[in-house]
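Novice: Below you will find the structure I want to go over with you.
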Amino acid sequence: MTEYLIRRVLQSVLVIFLITILTFLLIHAAPGGPTQVMLSPGLTPEIFEQQAKNLGLDQPIPVQYVRWIGDLLQGDLGYTFKNHIAVSDLLWPRIGNTVILMGSAWLVSLLIAIPWGIYNSTKVYGLSDQTASFISYLGFAMPTFWFGILLQQWLSLKLDWFPLSDMYTRGKEGDIGDLFMHLVLPITVLALGFLASYMKYARASMLEVLDQDYIRTARAKGVKERKVVFRHALRNALIPIITILGLDLPILVGGAALTENVFNWPGMGRWFVEMAGAREYSALMAVTIVTAVIVVIGNLLADILYAVVDPRVKLGKQGGKTA
């Protein structure tokens, strides 16, 4: 296990290193790359050349990359071009805001979807299963921005039950109760989307396992149904669900741009769109690298959890999984 973890961590570091190279090259290959954005328009050729030299933009791309990666390893994510504000000062608070929003929606949806999906797998086509299917169709079909606007119109503007937008009421920054009230509507919007997919995966995975021979054997031996479901079937059914959760982990940091825009939530998704529109390449590279690191960590955690929930999965010396 330890050897496997060390090997996976080294592979993850290599993947992140390659992502930094690819991100840096793509940013410089984009139309109107950093040179056009960082240098003021209307400069004379001599001043343009001197300014490029001062910023290091006259150096070859490999030299610029080495300087950038050196600063990155020291925690320096660069500065915005227009206002010269440290990217880290803008990035980390927004990551925190996004984790609060997305993490709450993710947790709420998991607490509802997994038990509900498991229950529905034992009562196929019953009232609960039909209700869950209807909610899943709504979650898949309804655009999140439209659902958010509907909730705002009905619960905020008409009934005045919840705040319309923002993270806090002005003058109540840091008030937990005020934050909770502001979270209700965006969490409802986001949780519906999560709920639709997780409930489907949990139900389908459980149905597949419950149809296996060893489950029929357990039932034939007179094992109680509750024990069959929770002791014999659930652990194996969790493996595909863990895969989905691992892949969804970056969403907790990356944010949901549409929902954050509708509710004016100061998170990563909305900020990324703003930075893309302003062509703030330092900010875009920082967001890409942070998201890539979370993706790699999510996949690593999923691999480790496979062995935890299913004893048949062995993390062997070859670095693969055997069952």
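The values are calculated or read from the model by the stated rules, or taken from the named source; none is laboratory data. Predicted model, so just to flag it, every value in this text is computed and none were measured. Please note: Cβ atoms are built from the backbone with ideal geometry, for glycine as well, and neighbour counts cover all protein chains shown. SASA here: full protein model, heavy atoms, side chains in, ligands and nucleic acids out. Shrake-Rupley method; radii C 1.70, N 1.55, O 1.52, S 1.80 Å.
Novice: Could you figure out which of (1) under 22 Å from ALA202 (Cβ atoms); (2) crowded, with 19+ Cβ neighbours inside 10 Å; (3) of a type in the set (Phe, Trp, Tyr) isn't true of PHE230?
Specialist: Exception for PHE230: condition (2).
Novice: Check GLY222 against each of (1) within 20 Å of LEU111 (Cβ to Cβ); (2) part of a loop (DSSP other than H, G, I, E, B) and name the one condition it does not meet.
Specialist: Among (1) within 20 Å of LEU111 (Cβ to Cβ); (2) part of a loop (DSSP other than H, G, I, E, B), the lone unmet condition for GLY222 is (1).
Novice: Between a first residue in region 1-29 that is farther than 21 Å from ALA283 by Cβ and in contact (Cβ under 8 Å) with a residue 60 or more places away in the chain and a second residue that is of a type in the set (S, T, N, Q) and surrounded by fewer than 13 Cβ atoms within 10 Å (Cβ to Cβ), which pairs have beta carbons less than 6 Å apart while being 6 or more apart in sequence or on different chains?
Specialist: Pairs that qualify, where the first residue is farther than 21 Å from ALA283 by Cβ and in contact (Cβ under 8 Å) with a residue 60 or more places away in the chain and the partner is of a type in the set (S, T, N, Q) and surrounded by fewer than 13 Cβ atoms within 10 Å (Cβ to Cβ): there are none.
Novice: Within region 116-130, can one find any residue that is farther than 30 Å from GLU280 by Cβ and within 24 Å of the chain's Cα centre (by Cα)?
Specialist: Yes, region 116-130 contains at least one residue that is farther than 30 Å from GLU280 by Cβ and within 24 Å of the chain's Cα centre (by Cα).
Novice: Please go through region 174-185 and pick out each residue that is more than 17 Å from LEU138 (Cβ to Cβ) and either open to solvent by less than 50 Å² (accessible area, probe 1.4 Å) or of a type in the set (Phe, Trp, Tyr) (or both).
Specialist: Within region 174-185, GLY177, ASP178, LEU179, PHE180, HIS182, LEU183, VAL184 qualify.
Novice: Give the residues of region 147-168 that are of a type outside the set (Asp, Glu), more than 24 Å from the chain's Cα centre (by Cα) and open to solvent by 60 Å² or more (accessible area, probe 1.4 Å), sorted by residue number.
Specialist: If the condition is that a residue be of a type outside the set (Asp, Glu), more than 24 Å from the chain's Cα centre (by Cα) and open to solvent by 60 Å² or more (accessible area, probe 1.4 Å), then LEU150, GLN153, TRP154, LEU157, LYS158, LEU159, TRP161, LEU164 are the ones that fit.
Novice: Could you grab me the full set of residues in region 257-280 that are open to solvent by 20 Å² or more (accessible area, probe 1.4 Å) and either within 18 Å of ALA292 (Cβ to Cβ) or of a type in the set (Gly, Ala, Ser) (or both)?
Specialist: Passing the criteria: ALA257, PHE272, MET275, ALA276, GLY277, ALA278.
Novice: Hey, can you tell me all the residues within region 227-278 that are under 10 Å from the mean Cα position of the chain (by Cα) and of a type in the set (A, V, I, L, M, F, W, C)?
Specialist: LEU245, LEU247, LEU249, ILE251, LEU252, VAL253, ALA256
Novice: Sort out which residues of region 148-205 are on the phi > 0 side of the Ramachandran plot and free of Cβ contacts under 8 Å to residues at least 60 places away in the same chain, and write them in order of number.
Specialist: Once the filter is applied, which keeps residues that are on the phi > 0 side of the Ramachandran plot and free of Cβ contacts under 8 Å to residues at least 60 places away in the same chain, region 148-205 yields ASP160, GLY171, GLY174.
Novice: Conditions: (1) assigned to a helix (DSSP H, G or I); (2) open to solvent by less than 60 Å² (accessible area, probe 1.4 Å); (3) under 23 Å from LEU107 (Cα atoms); (4) modelled with pLDDT of 90 or more. GLY193 meets all but one. Number of the miss?
Specialist: For GLY193, the failing item is (4).
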